[in-house]
Amino acid sequence: MNLDTPLYQKHIELNARMVDFAGYRMPVQYSGIVAEHLAVRKSCGIFDVSHMGELNVSGAGAEEFLNYMTVNDVKTMSVGDAQYSAMCYENGGIIDDILIYKYADKYMLVVNAFNLEKNFNWLNEHNPDDVNIVDVSAETGLIALQGPDSRNILQNAVEKDLSDIPFYTFEEGTVDGVNATIARTGYTGELGFEIYADSKVIGVIWDSIMNIGNITPCGLACRDTLRMEMKFCLYGNDIDEKINPIEAGLGWITKLNKENFIGKESLISAKENRTKLLTAFEMEDRAVPRKGYKIFVEGNEVGIVTSGTQSPLLQKGIGLGYVQFGKHKSGMALDIDIRGKMKKALIIKPPFYKNGSAQL
């Protein structure tokens, strides 16, 4: 049985096409993938991402615990900071990629919906006596407002000056009088805000923002094409338990020089002995790459596509895939086996879309 997010009825009223996703009935699209995608790139889109999991971690040992459990350095965080990170097994395989928010009295971990139970159990397996872990997913609603106009639009419903919230930080405040956490992370490459609030009142925030106007409701499908244009990893496609952060191109969040953390030794070895790397490529031939298609160089199989789509903005096929280390460099020519026909592609330096407004 699939659950409904707190905003389910809003999607029905907007005639969204609904799909089963991560145990929830979610909107995959409203007006259409291309229209929604371009709205986020050029103006503003709103997403229901209430299916994401939220775990509160508190107690005297919370900082030390999370620093041991994750690959990034939690000790560098100040109250109001957000941090992108990952949890790994001892062998370096990625359990999940996560966001960590540091509040005055707790940390909040935002995890992928598919991995909520796995994350919760993994944290509890290692939980010391001075740390409390609480799953608050069911009572937490989450809206993402994304696009270059998002700040000006949201400012109409918020007293706090949103210009005072830098990239990868958050503030506690109100949206149209409703208590909320207002964060700036994003998964689209555009300026945007994530709004966390009690699931009982998240609908009030949705209505308030929608009533401001000039906002396009967006579904899961364009969320995927938007993240693809930025080369943002999707768990289950580009990263999973068999992939480590080094080969996934996430070395920048993997602090090998910090004190011990789970997977550290394996990741040091992985960095010294890289055999493959997640690579971004765009099609030169008219074709769309898809997950599972094989990648060739001069007739030799060198890798496999993990994500692929037709870019609505660039109007060409783009893809991500793991290729043999040494065959991953920008400008190198590839052939993608698309249903038995070799189609030409070129490795590029990501992101595909380089004019995003995310850090404005």
Subject >> Distance between segment 1-22 and segment 69-138 - C-alpha centres, whole angstrom >> reply: 27
Subject >> Greater than 27 Å apart at Cα, pairs in LYS75/LYS271; LYS75/LYS329; LYS258/LYS294; LYS276/LYS349; LYS264/LYS344 >> reply: LYS75/LYS329; LYS258/LYS294; LYS264/LYS344
**OP:** Let me know the shape class of segment 208-249, please: from the alpha-carbon gyration tensor, a ≥ b ≥ c as square roots of the eigenvalues, rounded when a/c is under 1.5, otherwise prolate if a/b is greater than b/c, or oblate.
**Re:** prolate
Subject >> Among PHE21, PHE193, PHE170: highest mean-square fluctuation, GNM of the chain, C-alpha pairs under 10 Å >> reply: PHE21
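Hey, fewest Cβ within 10 Å first, where do LEU256, LEU123 land in order?
Numbers: LEU256 14, LEU123 21.
Fewest-to-most ranking of LEU256, LEU123: LEU256, LEU123.
Once you keep just the Cα pairs under 8 angstrom separated by 6 or more residues, what percentage relative contact order results for segment 54-135? Write out the running numbers ahead of the final one.
Working: 143 pairs, mean separation 32.1, N = 82.
Relative contact order, segment 54-135: 39 percent.
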**OP:** Just report the Cα centroid separation between segment 234-251 and segment 166-198, whole Å.
**Re:** 26
**OP:** Give the cross-link partners of LYS160 among the lysines, using a straight C-alpha distance below 24 Å as the criterion and excluding same-chain residues fewer than 8 apart.
**Re:** LYS102, LYS106, LYS200
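Using DSSP to define loop residues, name the GluC sites (Glu not before Pro) in segment 173-259 whose beta-carbon has at most 12 other beta-carbon atoms within 10 Å. Write down the numbers at each step before the final one.
Values: sites: GLU190, GLU194, GLU229, GLU241, GLU247, GLU259; in loops: GLU190, GLU241, GLU247, GLU259.
Passing sites in segment 173-259 are GLU259.
Could you please report the charge total around PRO217, scoring K, R as +1 and D, E as -1 over all other residues with beta-carbon less than 9 angstrom from its beta-carbon? Walk me through the intermediate numbers first.
On the way: positive: LYS10; negative: GLU36, ASP48.
So the surrounding residues net to -1.
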**OP:** May I ask you to list the lysines whose Cα is less than 16 Å away from that of LYS118, ignoring any residue fewer than eight positions away on the same chain?
**Re:** LYS242
**OP:** Report the longest stretch of the chain that contains none of the trypsin sites (Lys or Arg not before Pro) sitting in a DSSP loop with at most 13 other Cβ atoms within 10 Å.
**Re:** 1-199
Original post:
Which value, in Å³ per residue, describes the convex hull spanned by the Cα atoms of the chain?
Top reply: 136
**OP:** Report the residue, chosen from ASN257, ASN15, ASN115, that carries the largest GNM mean-square fluctuation when the chain is represented by alpha-carbon nodes joined by springs under 10 Å.
**Re:** ASN257
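Using Stokes-Einstein with the Kirkwood hydrodynamic radius over Cα pairs, what translational diffusion coefficient do you get for segment 117-192 at 37 °C and a viscosity of 0.692 mPa s, in µm²/s rounded to a whole number? It would help to have the intermediate numbers written out before the result.
Details: Rh = 14.7 Å.
Here the translational diffusion coefficient equals 223 µm²/s.
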Original post:
How long is segment 275-347 along each principal axis, judged by its Cα atoms, biggest number first, in Å?
Top reply: 32, 23, 19
Subject >> Relative contact order, percent, the chain [alpha-carbon distance under 8 Å, six or more residues apart] >> reply: 18
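Quick note: the coordinates plus some simple rules give every number you see, no bench work behind them. These numbers were taken from a predicted model, which means no experiment stands behind them. Counting neighbours? That spans all protein chains shown, and the Cβs are built from the backbone with ideal geometry, glycine included.
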